[in-house]
Amino acid sequence: EAGVTQFPSHSVIEKGQTVTLRCDPISGHDNLYWYRRVMGKEIKFLLHFVKESKQDESGMPNNRFLAERTGGTYSTLKVQPAELEDSGVYFCASSQVFGLAGADTQYFGPGTRLTVL
Amino acid sequence: AQSVTQLDSQVPVFEEAPVELRCNYSSSVSVYLFWYVQYPNQGLQLLLKYLSGSTLVKGINGFEAEFNKSQTSFHLRKPSVHISDTAEYFCAVRSYSGAGSYQLTFGKGTKLSVIP
């Protein structure tokens, strides 16, 4: 079974440009999460999809970030326009069902390292 | 809101020595706890998780963790480390966002360096 995949693995862009990150979850996983780790800090939650619906986007930093999950399969996270503070590693995770009220295991992808110059 | 504290940012240890990585969480009525590991250039991999039941949880690669409710701790241990255990380790707690969603709240991570 293929794991969570993310593309690209690295992205270097200039301030003001647009970048789109992609995540392909494990097949059959309805829950898809985005997290971000800024240098030297903890991994922080950005948002959660259940199928194609945004269940919780309370962690999105501002309206320069737009996440989509058309058809309930893969997801994209677009940053437009990118700022210096957006640099970090963006992780995607997926899980099957909530099960015991949140006890489901989240499987993580390798992350996309974004550098904004 | 839940929070997680990993007391050590870096832990160097000699090969075949025991290791303990410390994790404390903020108190809650019910708590689900996780340890993830990130090997160089790879994603996060689940080591083990505590949901309920026995307070001693065994995971992959010989790791185990003990849930201590009175001390709000979930320390990770391994009796004898190997070079291949060099990685960054993250403690996480399930958090309820209030928007019908459960998410993971992470500590800052502990970098384990195993010295030959």
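For chain A, with equal point scatterers placed on the C-alpha atoms only and solvent neglected, what are the log10 I(q)/I(0) values from the Debye formula at q = 0.11, 0.19, 0.21 1/Å, to two decimals?
Each listed q corresponds, in turn, to -0.32, -0.96, -1.16.
With N set to the residue count of chain B, report its C-alpha Rg divided by 2.2 N^0.38 Å to two decimal places.
Values: Rg = 13.9 Å, N = 116, 2.2 N^0.38 = 13.4 Å.
It is 1.04.
For the residue pair A:Lys78 and B:Ser70, what label-to-label distance in nm results when each label sits 7 Å from Cα along the Cα-to-beta-carbon direction?
It is 5.6 nm.
³J(HN,Hα) across the range A:50-62 via Karplus (A = 6.51, B = -1.76, C = 1.60, θ = phi - 60°), whole Hz, x for Gly/Pro?
So the Karplus estimates, Gly and Pro as x, are 10, 6, 8, 9, 6, 7, 7, 10, 5, x, 5, x, 6 Hz.
Count the DSSP beta bridges whose two residues both fall in chain B, then state the antiparallel fraction as a percent rounded to the nearest 5.
Working: 34 of 39 bridges.
Percentage antiparallel, nearest 5: 85.
Scale the Cα Rg of the protein assembly as shown by the rule-of-thumb value 2.2 N^0.38 Å and send over the ratio, two decimals. Numbers along the way, then the final one.
Working: Rg = 17.6 Å, N = 233, 2.2 N^0.38 = 17.5 Å.
Relative to the rule-of-thumb radius for its length, the protein assembly as shown sits at 1.01.
The numbers here are math on the coordinates, done by the rules we state, and not lab data. The model shown is predicted, which means the values in this text are computed figures rather than measured ones. No Cβ is skipped: glycine too gets one built from the backbone with ideal geometry, and neighbour counts run over all protein chains shown.
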